[in-house]
Amino acid sequence: MSKVVLSPLIGIYLVQGVLVRHYGLLDKNNHMLQFTLMLMSGSLTSVICLVLALVWDRRTKNAGSEMAALIAVQYAVATVLVTVQSGFMMYFLF
């Protein structure tokens, strides 16, 4: 769950606090690049879980169902958290 909760907060801080305001590596008027960087920091790990499920399913027979449960929980939580995360991003950008 830290990928869904903490990673977006860290990504927002790194992009806004470090890259834009402190070092000036990103143009403060390039909102699309900033939004993309912040959004990618909080992306879900479903692809990683799918790969792990395929690898583990060869060794054990329960790995696929365990990963499916993990992906289901992530998407259930993400429906609310991605909306909140996008709201914070828009607040910092405009």
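Nothing in this text is a laboratory measurement; each read-out follows from the coordinates by a stated rule. Given the structure is predicted, the values throughout are model-derived calculations rather than measurements. As a convention, Cβ positions derive from the backbone with ideal geometry for all residues, glycine included, and neighbour counts pool all protein chains shown.
Rounded to the nearest whole Hz, the Karplus-based 3J(HN,Hα) values (6.51 cos²θ - 1.76 cosθ + 1.60, θ = phi - 60°) of region 67-80 follow the sequence 5, 5, 5, 5, 5, 4, 5, 4, 6, 5, 6, 5, 4, 8, with x at glycine and proline. Per-residue packing, averaged as other Cβ atoms within 10 Å, sorts the ranges 7-13, 31-37 into the order 7-13, 31-37, beginning with the highest.
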